[in-house]
Amino acid sequence: MKRFFQPIEKDGSFKKPTISSVSSSEKDGEQTTETISESDGNNKKEPTKFLTWNANSFLLRIKNNWTEFTKFIENLDPDVIAIQEVRMPAAGSKGAPKNPRELKDDTSASREEKLVVTRALSSPPFKNYDVWWSLSDSKYAGTALFIKKCFQPKKVSFSLDATGSKHEPDGRVILAEFETFRILNTYVPNNGWKEEESSFLRRRKWDKRMLEFVLATSDKPLIWCGDLNVSHEDIDVSHPEFFSAAKLNGYTPPNKEDCGQPGFTLAERRRFGAILKEGKLVDAYRFLHKDTDMECGFSWSGNPIGKYRGKRMRIDYFIVSERMKDRIISCEMHGRGIELDGFYGSDHCPVSLELSVKDDADTKQG
């Protein structure tokens, strides 16, 4: 979520970090993976444990919070890790075409930053994962998808378009396809505060394309995760009245449905509801957790200093196809309270999903 009220975090001293890459063939913006035989000690054919996290700068998390986050990953042992707000620029020199799948390394500063990241990813547990990047031209937005090497996707693409031939602007999408499902990692554009191209209009266009995507890909079950930048119901925010009345510099949008905190306007919430209903999708966390949880029920927390202290929202999700809902074992948020415990330096906490193993009978039925 856009932190319009949060001070910029300063880089800290980094802890020792190294290299992770994916073996693949590339065509028209898609990557078709080569099979890598590597056992992780189980007989699962496909991933069943997933984690999503808006890192609010992946480089800063490596420099400042890596030891704690690494321990968390070792204990949880997810098969797939979806990251949003990587905030590292794509490869390519100034004025030249950029490569959103590679980290920038054409300056001394960018080479040092890339080295910090590649070192971190060369050590356990991250060396057990392949990683795909979709990066912005600058230190903004961007996503990453880590998949255990024993679970090779059939295809990875980077767009909501049917062809998947290009990267979404700002690297907001990574889509991995497995034999029986797809997983979509998204960093959804913030709604903003105004009726302008980079604000309300951008979000409306995104939501329209997202609905078109879920309808066009209904041939296979979908797991949609990431920072979706919307709190669907009143129960998904800590202070509904506060967020409903929020304004920026006293501005009131002309349309009443666009009023309020970005992510909690009626317009966004209704469009999100339509995507779930028409796409036959289920909010995995709310499927299991029906009641308000003021301690662990939110994934984003406002700055502990100022008027947003204690103000929290659930804007990070796992959304699954209805036909997968009976396989949901758990969906949990791993942060708690207003002091950002379990947030690992970000303003978002990790969210996990675990599914039961799909048996052969289910596979035959599709």
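The values are calculated or read from the model by the stated rules, or taken from the named source; none is laboratory data. Everything numeric here is computed off the predicted structure, so don't read it as measured data. Using ideal geometry, Cβ is built from the backbone for each residue, glycine included, and neighbour counts are taken over all protein chains shown. Note: accessible area is taken over every heavy atom of the protein model, side chains too, but ligands, DNA and RNA are not part of it. Shrake-Rupley method; radii C 1.70, N 1.55, O 1.52, S 1.80 Å.
What does the highest-first list of 123-131, 49-57 look like by mean Cβ count within 10 Å?
Details: 123-131: 16.3, 49-57: 24.1.
Taking the mean over residues of other Cβ atoms within 10 Å, the ranking is 49-57, 123-131.
When a/c is below 1.5 the answer is rounded, else prolate if a/b is larger than b/c, else oblate, so apply that to the range 151-214 with a ≥ b ≥ c taken from the square roots of the Cα gyration tensor eigenvalues.
prolate
Ranking request for peptides 246-254, 305-313: highest mean number of other beta-carbon atoms within 10 Å first, then the rest in descending order. Kindly include the intermediate steps, with their values, before the conclusion.
Details: 246-254: 11.0, 305-313: 16.6.
Going from most to least packed, we get 305-313, 246-254.
I want the local charge near T143. Using Cβ-Cβ distances under 12 Å, sum +1 for each Lys or Arg and -1 for each Asp or Glu among the other residues.
Overall, the nearby charge balance is -1.
So what is the relative contact order of the range 117-179, in percent, for Cα pairs below 8 Å that sit 6 or more residues apart?
32
Share of the range 278-342's accessible area from carbon and sulfur, percent, 1.4 Å?
C and S fraction of accessible area: 49 percent.
Provide the net charge surrounding P240, with neighbours chosen by a C-beta distance below 10 Å and charges set as Lys +1, Arg +1, Asp -1, Glu -1.
Once all neighbours under 10 Å are counted, the net charge is -4.
Per residue, how much accessible surface does the chain expose to a 1.4 Å probe? Answer in Å², no decimals.
Details: 16110 Å² over 366 residues.
Heavy-atom SASA per residue in the chain reads 44 Å².
Grab the alpha carbons of the range 41-83, take their convex hull, and tell me the volume per residue in Å³. Kindly include the intermediate steps, with their values, before the conclusion.
On the way: hull volume 3.2 nm³, N = 43.
Per-residue hull volume (Cα only) is 75 Å³.
Cα atoms only: what Rg and Dmax, in Å, come out for the range 242-355?
Answer for the range 242-355, Rg first and Dmax second: 15.6, 46 Å.
Determine, for each peptide in 220-227, 337-344, the mean count of other beta carbons within 10 angstrom over its residues, then list the peptides with the highest first.
Per-residue mean Cβ counts within 10 Å order the peptides as 220-227, 337-344.
Computed from the coordinates I sent, Rg and Dmax of the Cα atoms in Å equals one of (i) 21.2, 76; (ii) 23.1, 88; (iii) 19.5, 58. Tell me the label.
(iii)
In cubic angstrom, how much convex hull volume per residue do the alpha carbon atoms of the range 106-182 span?
With only Cα atoms used, the range 106-182 gives 104 Å³ per residue.
Per DSSP H run of at least 4 residues, take -39500 (n - 2.57); add these up for the chain, divide by its residues and hand me the 222 nm value, nearest 500 deg cm²/dmol. Walk me through the numbers on the way to the answer.
Numbers: 7 runs with 79 residues, N = 366.
Calculated at 222 nm, the ellipticity per residue is -6500 deg cm²/dmol.
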